[in-house]
Amino acid sequence: MKTMQRVLDNLTEEIKDYYNNVSDIPLIPATTAQEIREHLKTNYSFDSPIRLEELTNQVRRMLRDWTLHANHPQYFGLFVPGTFLSSIIADALVALYNPQLGVWTHAPGACEIERFTLQYFLRTFGMPEKTSSANFTTGGTEANLSAVLTALIKYFPEYGDNGMRALEKQPVLYVSEEAHHSFLKIGQLTGLGYKAVRNVPTDDQFRLDFDELKKMYSEDCKNGFAPFMVVGTAGTTSGGVIDPLPEIADFCKEHNLWFHADAAYGGAAIMSEKLKQCLNGIEQADSITCDAHKWFSVSMSAGMFFCRHDKYVKEAFHAGAAYLPETVEGTIDAYGTTLQCSRRFIGLKLFMSLAELGKKGYGDFFQKQAALGDILRQKLREAGFKIVNNTPLPVVCFTHKKIQSNEITTDALLERIYANKEFWISSTKLKNKIPVLRACITSFRTESNDVENFVKTLNSIIRESKTVTV
Ligand SMILES: *Cc1c(COP(=O)(O)O)cnc(C)c1O
C-alpha cells in the first residue's frame with residue numbers, strides 16, 4: 001500500500017511539474033537511436049524484476065530526455081498539440097476502468113458518453129442526428145478509410161460481397177495534390193489501387209483547382225472509369241489551406257458523387273463563430289473526418305468519422321460474431337459499425353475537454369491561436385520574409401528572397417533553426433515542388449512573445465547566412 005502511495009504521489013508530482021514547467025525543458029532531444037538502444041539493452045534484460053517506483057522514475061526520465069516536446073510553447077510544428085489537463089486525466093481514467101466499447105453491454109456509460117459527444121458534433125457540423133452515423137476512430141487515416149469504404153458500398157453494392165474485381169468499371173476518386181497521403185494508403189487497402197486516387201492539381205492558392213477537377217472528371221467518364229467521390233480538404237496538412245467546399249458540394253450533387261470533407265485539422269474551426277465561415281459548405285458533406293488529437297488539443301489518438309448515411313456505414317462494417325453478446329434494442333454495438341473490435345474509450349478526453357472549456361472556451365482558444373498565426377505572418381513580413389500560403393488557420397508557410405535566389409536553401413536554414421535548439425518548425429513542399437518553411441501554432445502555451453522571439457532568431461540566422469556558402 002505504501003509503495004502504491006509513493007508511486008502515485010511521484011506520478012502526480014511528475015504531471016504537475018511537466019505541465020507547469022515544460023517551457024524550461026529542452027525542446028529538442030539531443031540523442032541518437034544508438035544511445036537509446038544501448039541504454040535499453042543495458043538496463044532492461046527482463047531477467048529480473050524492477051520495482052514499479054523505480055521503473056516509473058526511469059521511464060519518466062526517458063520520456064523527458066528523448067521526446068520532441070510538442071507541449072512546449074516554442075514548438076511550431078506538425079499538427080501535434082499540447083495536451084489539456086482534462087485529456088491527461090481522462091486517459092488515466094480510461095486505463096483504470098478499461099471499458100470495452102466494441103459491445104454496448106460491456107460499457108453502457110462509456111458508449112453513451114461517446115454517442116452524446118458525437119451527436120453534439122453532428123449537430124454542430126449540420127448533419128441530421130437521426131439518420132447519421134458517428135464514431136471515434138484512431139485518427140484521420142481510419143476516418144478517411146471509413147469514408148471511402150462506405151462510399152464504395154453505396155455506389156458499388158457488389159463490392160462488399162465480391163470485391164473490386166466484380167465491378168465492370170474501375171472506380172476512381174478525386175483528391176487535390178495537397179491532400180493527405182492517407183488516401184494513397186487507402187487506395188491500396190481498399191483494392192482501388194494507387195492510380196484510382198486522382199490527384200487534382202491545385203490553383204495558385206494551393207486549393208483544389210475546380211476547373212481541373214471538372215476536366216479530369218469528364219475525361220474519366222469518357223474513358224470508362226466510374227468516378228464516385230470527391231474529397232475536399234479543410235485545412236491541408238502542408239499549408240492549412242481550405243478547398244472550395246461549396247463548389248465541390250454542388251458538383252457532387254450534380255453528378256451524384258460522394259462529397260467527403262477531410263477536416264482532420266481544420267474542422268475544429270466550426271467551434272468558433274469567427275472562424276467557422278471558412279468551413280462553409282461542410283454542412284453538405286456526405287461524410288466528414290475531424291481529429292480531436294489535432295487542434296482540439298487532446299492526446300493521441302482520437303479521430304472522428306461522421307457520415308450522413310448510417311445505412312451504408314452499417315453495410316460497410318457489418319459482421320456477425322457468435323462469440324459476442326446480443327445487441328440491446330435501441331443501442332449500437334460499435335464492432336458492427338467501425339473497423340475496430342476492441343475499442344478504447346477514445347471519446348472521454350474530448351468529452352471532458354469540451355465540458356470543461358465549453359463551446360465558447362474552445363472557440364476563444366482557436367481564435368487566439370488564429371490571431372497568433374496572424375501575428376507570426378505580420379512579424380515575418382516585417383522581417384523581409386514572404387508568406388506563401390493563404391489561410392485563416394494558424395499554419396504559416398514562408399520563404400525568403402535569399403532562399404529564392406539560392407543564397408541559402410530551406411534545408412540549410414532549417415538545420416540552423418534546429419541547431420539553435422530554441423524553436424522547432426518543419427519544412428514542406430507545396431504542390432510537391434515548392435520548398436517552404438512551415439510554422440504552425442499548436443501548443444496552447446504559445447504566446448505572442450514566443451512568436452516574436454522566433455522571428456527575431458530567424459532574422460539573425462538569415463543575417464548570418466551571408467558569410468556561409470551552401
Ligand atoms: C493528419 C491528417 C490526416 C491523418 O490523420 P491521422 O490522425 O494522422 O491518421 C488526414 N487528413 C489531414 C488533412 C490531416 O492533416
Under the classification rounded if a/c is under 1.5, otherwise prolate if a/b is larger than b/c and oblate if not, where does the range 26-70 fall, given a ≥ b ≥ c as square roots of the Cα gyration tensor eigenvalues? oblate
Suppose each label sits 7 Å from its Cα in the direction of the beta carbon; what would the His181-Met164 distance come out to in nanometres? 2.0
Report, in whole Å, the centroid distance computed from the Cα atoms of the range 216-257 and the range 81-109. 36
Pop the C-beta distance of Asp47 and Asn453 into the FRET formula with R0 = 41 Å and round what comes out to the nearest 0.05. 0.25
Over the chain: Rg over Rh, Cα atoms, Kirkwood Rh: 0.99
Extreme residue, positive dipole direction of the range 1-86, given options Ser45, Trp66, Ser23 (C-beta unit charges): Ser45
Only bridges with both residues in the range 235-346 count here: give the DSSP antiparallel percent, nearest 5. 60
Report, in whole Å, the centroid distance computed from the Cα atoms of the range 1-26 and the range 111-180. 41
Cross-link partners of Lys421 among lysines (Cα-Cα below 16 Å; sequence separation of 8 or more within a chain): Lys456
Return the distance in nm (one decimal) between the two label points of a simple spin-label model at Thr67 and Ala371, each offset 7 Å from Cα along Cα→Cβ. 2.9
Take the alpha carbon atoms of the range 263-345, find their radius of gyration, then divide it by 2.2 N^0.38 Å using N residues; give the quotient. 1.33
Descending packing, highest mean Cβ count within 10 Å first, for 21-29, 190-198, 71-79, 260-268 is 260-268, 71-79, 190-198, 21-29
Counting helices only, and only those DSSP H runs with n ≥ 4, report the 222 nm mean residue ellipticity of the chain as the sum of -39,500 (n - 2.57) divided by its residues, in deg cm²/dmol to the nearest 500. -14000 deg cm²/dmol
Gyration tensor verdict on the range 251-292 (Cα atoms; rounded if a/c is under 1.5, prolate if a/b is larger than b/c, oblate otherwise): oblate
By the Cα gyration tensor axes a ≥ b ≥ c (a/c under 1.5 gives rounded; else a/b larger than b/c gives prolate, otherwise oblate), the shape of the range 166-211 is oblate
Listed highest first by mean packing, meaning other Cβ atoms within 10 Å per residue, what order do 2-8, 253-259, 202-208 come in? 202-208, 253-259, 2-8
Based on a Kirkwood Rh over C-alpha pairs, give the Stokes-Einstein translational diffusion coefficient of the range 79-134 at 37 °C and viscosity 0.692 mPa s in µm²/s. 250
Going through Lys253/Lys349; Lys195/Lys429; Lys130/Lys314 one by one, the pairs whose alpha carbons sit over 25 Å apart turn out to be Lys253/Lys349
per DSSP, antiparallel bridges as share of beta bridges in the chain, % nearest 5, sits at 60
Where does each of 296-305, 379-388 land if you order them by average Cβ count within 10 Å, highest first? 296-305, 379-388
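A short reminder: the numbers here are calculations on the coordinates, not readings from a lab. Since this is a predicted model, take the numbers as computed values, not measurements. Here Cβ is always computed from backbone atoms with ideal geometry, including for glycine, and neighbour counts include all displayed protein chains.
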